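Notes follow the structure.
The values are calculated or read from the model by the stated rules, or taken from the named source; none is laboratory data. Small disclaimer: the values here were computed from a predicted structure and weren't measured. Cβ sites come from the backbone with ideal geometry, for glycine too, and all protein chains shown count toward neighbours. What goes into the accessible areas is simple: the full protein's heavy atoms, side chains included, and nothing from ligands, DNA or RNA. Shrake-Rupley method; radii C 1.70, N 1.55, O 1.52, S 1.80 Å.
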Amino acid sequence: MSRTTRAFWLFTGPFLIGLVVFVYIPIGWSLWLSFFEAKGTVTPTRFVGLSNYADMLSNGDFVHSLLVFTVFAAFIVPVTYAVSLGLALLVHRLRFMKAFFRSVFFLPTAVSYVAASLIWKMSIFQGLRFGLANTVMGWFGIHSVSWLASPHPPWYWLVIVSLRLWLQCGFYMILFLAALQSIPPHLYEAAAIDGAKSGWQTFRYITFPQLRATSVAVVLLLLIAAYQAFDEFYNLLGSGTTWGRTPLLYLYQVALGQNQDYGHGSAGALVLAVLICVVTLLQGRILGFGRGED
Amino acid sequence: MSRSPMGRSRLGSAGIYSAVAVAAVLFLVPFYLIIRNALSTEQDIMGAAWVWFPAHLQWGNFGELFDDTSVPFLHSMLVSLEVGVLHTLGTLLVCSLAGYGLARIPYRHANKVFYAVLATLMVPASVTFVPSFVLVSSLGWVSDLRGLIIPGLFTGFTAFLFRQYFLGFPKELEEAARVDGLGYWGAYWRIVVPNSLNFFAAIGVITFINGWNSFLWPLVIGQDQSSWTVQVALSTFITAQTINIHELFLAAGISILPLVLVFVALQRWLVQGVAQAGIKG
């Protein structure tokens, strides 16, 4: 081995060993488990072929959670995108106190989903009269709502969506702000000379197209985050919830609940992984991932 | 007929400032609620009339929380701190070395290795929590710091960010070091790392925040109370409801405080780091 080759392995070796042990082997093992009946054991002996997959794909609960979270993603992704971009456009135009407002919107990024769930569940959307939302509604003579206690009507979505917006928007606003700052000013000057009105026209023909690369990245990150939702659902609705059950929460119940059913859990995890890959690639196709910025 | 450009922009900026102010108030409400609830009595929180701020701040709530032996709160903070620091240092070490190797050291199959790293970005880490748990439990690392820390060190995304960063690192600096007889290893530690501290700090802070706030993996691994991180402890308090509401909010407030301080102190670095990490990713 030449000295350079040795240096390459010296630098990358520790990481690659870890990657194989903690990423590639678990995926491989999981693939293997998914073809076996594996309840409470990780070295199963009963080969069952594709039946774990067939079970999961004909399992109403699992399929339902995949469908619900496709709808959830289709809703939360554009809303988060629009709110983050809107905040960025506003903050970008501020002349004084810009750093202050940027900090205020960015600050929730420091808060965990668990702590946010606590505030949302026990204070803002507390189902009794003393919750903030019910207090404010009381001022206008509206009856208290028990936000999280039942799926009909599905008020829990309001709780979950508002929590997600609060936690996520500041982070994506920072990405948009950085992108806005890197748009060359001469583009706007040229547009002004050509008679474009500032406002909607410059946004439509200059700002928005210039944000393309950032937009693609933001939508990608948001999509992946939506399918991996777990923390706030677990903490708002409880670990044993049967409604508002995210795919990960369902897999958690299957694999780490009473049955410790690793076979079905692994099959479901792989189905979810493939679904996320497909959605990611599709959105890349649609939005033109990897296309040049200009 | 038409307003002067000056007048319009003043009107426009009044509109912008009111919109931003309203949004800012909404964003701050949850922080207000934490502080209010943490320093109130039970009656003030659950009373018939809304109390904007308790007439007497209940500093005694701190003692109540820390003395409550049924609640392993302080211990869980220590676990989180230990996990957070070790996880951050380990990630910086392992991922930066790999990023440098991939960016700078010529090797015939370097591209193939890089693709093997990139491929893992397609599979979100939390989807593999079932198989990872299976692996970690067969290593005997359940309810163990090793199980909490080690599997999370090998993040393809972080290694990828370091590679991108080192690709843009000025080559001349390293070449000067090579002339002085330093190998890759010496040049890396004496020249490259000391000149990249900003980037290391930004990635370090982001890694620490993500580690501190992560929930699913610590929940799966932390099956004994002694290995609960603060997030797992908080979550248990929410569901078990064996704890007073003001203690609960005080605990949440204390768990958020270190990160809020980091945020305020390192705002500039963080913003740059996030922007860099997010856009390049």
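Observations on the structure shown:
- Residue among A:284, A:263 that alone is surrounded by 14 or more Cβ atoms within 10 Å (Cβ to Cβ) and at pLDDT 80 or above: A:263
- Filter result (crowded, with 23+ Cβ neighbours inside 10 Å and small (Gly, Ala, Ser)) within the stretch A:124-143: A:131
- Residue list for the stretch B:174-191, filter: within 11 Å of chain A (Cβ to nearest Cβ) and either assigned to a helix (DSSP H, G or I) or within 30 Å of residue B:80 (Cβ to Cβ) (or both): B:184, B:185, B:186, B:187, B:188
- Counted residues, the stretch A:248-260 - those being in contact with a Leu (Cβ under 9 Å, 6 or more places away or on another chain), closer than 10 Å to residue B:130 by Cβ and open to solvent by less than 30 Å² (accessible area, probe 1.4 Å): 2
- Where residue A:121 falls short, out of the listed (1) open to solvent by 50 Å² or more (accessible area, probe 1.4 Å); (2) under 27 Å from the mean Cα position of the chain (by Cα); (3) of a type in the set (Lys, Arg): (1)
- Looking across the stretch A:1-22, the residues that are open to solvent by less than 60 Å² (accessible area, probe 1.4 Å), touching a helix residue (DSSP H, G or I) at 6+ places or on another chain (Cβ under 9 Å) and either modelled with pLDDT of 90 or more or within 19 Å of residue A:264 (Cα to Cα) (or both) come down to A:7, A:8, A:11, A:12, A:13, A:15, A:16, A:18, A:19, A:21, A:22.
- Filter result for the condition that a residue is among the hydrophobic types (A, V, I, L, M, F, W, C) and within 18 Å of residue B:216 (Cα to Cα), over A:267, A:255: A:255
- Every condition in (1) at pLDDT below 90; (2) more than 14 Å from chain A (Cβ to nearest Cβ); (3) under 30 Å from residue A:231 (Cα atoms) is met by residue B:222 except one, and the failing one is (2).
- Of all residues in the stretch A:184-218, exactly one satisfies the criterion of being touching a Ser or Thr at 6+ places or on another chain (Cβ under 6 Å) and in a loop (DSSP other than H, G, I, E, B), namely A:196.
- In the stretch A:85-94, residue surrounded by the most Cβ atoms within 10 Å (Cβ to Cβ) [restricted to those that are facing chain B (nearest Cβ under 8 Å), more than 22 Å from the chain's Cα centre (by Cα) and aliphatic (A, V, I, L, M)]: A:91
- Close Cβ contacts (under 9 Å, 6 or more residues apart or on different chains) running from residues in the stretch B:186-203 that are assigned by TED's automatic domain parsing to the domain that holds residue B:162 and more than 15 Å from residue B:168 (Cβ to Cβ) to residues that are among the aliphatic types (A, V, I, L, M) and modelled with pLDDT of 90 or more comprise B:188/B:97.
- Once the stretch B:192-219 is narrowed to residues that are at the interface with chain A (Cβ under 9 Å from one of its Cβ atoms) and either in contact with a Gly (Cβ under 6 Å, 6 or more places away or on another chain) or not in a helix (DSSP H, G or I) (or both), the residue that is farthest from residue B:92 (Cα to Cα) is B:215.
- Among the residues here, residue A:232 qualifies as of a type in the set (D, E, K, R) and either open to solvent by less than 10 Å² (accessible area, probe 1.4 Å) or touching a Cys at 6+ places or on another chain (Cβ under 9 Å) (or both).
- Residues of the stretch A:95-114 that turn out to be basic (Lys, Arg) and either facing another protein chain (nearest Cβ under 7 Å) or free of Cβ contacts under 8 Å to residues at least 40 places away in the same chain (or both), as a count: 2
- Residue B:92 being out of contact with any Gly (no Cβ under 9 Å at 6 or more places or on another chain), open to solvent by 20 Å² or more (accessible area, probe 1.4 Å) and either part of a helix (DSSP H, G or I) or charged (D, E, K, R) (or both): no
- Hey, residue B:166 of a type outside the set (D, E, K, R), more than 9 Å from chain A (Cβ to nearest Cβ), open to solvent by 20 Å² or more (accessible area, probe 1.4 Å) and in a helix (DSSP H, G or I) or not: no
- Scanning the stretch A:115-132 for residues that are aromatic (Phe, Trp, Tyr) and either facing chain B (nearest Cβ under 7 Å) or free of Cβ contacts under 8 Å to residues at least 24 places away in the same chain (or both) yields a total of 1.
- Selection count where residues are in a helix (DSSP H, G or I) and either acidic (Asp, Glu) or more than 22 Å from residue B:103 (Cα to Cα) (or both), scope the stretch B:117-126: 2
- Test: residue in the stretch B:46-66 that is over 30 Å from residue B:155 (Cβ atoms), of a type in the set (D, E, K, R) and either open to solvent by 10 Å² or more (accessible area, probe 1.4 Å) or part of a helix (DSSP H, G or I) (or both): yes
- When residue A:82 is tested against (1) over 27 Å from residue A:167 (Cβ atoms); (2) modelled with pLDDT of 90 or more, just one condition goes unmet, and that condition is (1).
- Of all residues in the stretch B:250-281 being facing chain A (nearest Cβ under 7 Å) and at pLDDT 85 or above, the one that is nearest to the chain's Cα centre (by Cα): B:259
- Of all residues in the stretch B:127-160, those satisfying the criterion of being assigned to a helix (DSSP H, G or I), buried (at least 21 other Cβ atoms within 10 Å of the Cβ) and among the polar types (S, T, N, Q) are B:128, B:132, B:158.
- Subset of the stretch B:102-112 that is touching a residue at least 40 places away in the same chain (Cβ under 8 Å) and part of a helix (DSSP H, G or I) - its residue that is farthest from residue B:156 (Cα to Cα): B:104
- Residue B:134 within 29 Å of residue A:40 (Cα to Cα) and of a type in the set (Val, Ile, Thr): yes
- Residue A:202 being buried (at least 16 other Cβ atoms within 10 Å of the Cβ), of a type outside the set (Phe, Trp, Tyr) and under 23 Å from the mean Cα position of the chain (by Cα): no
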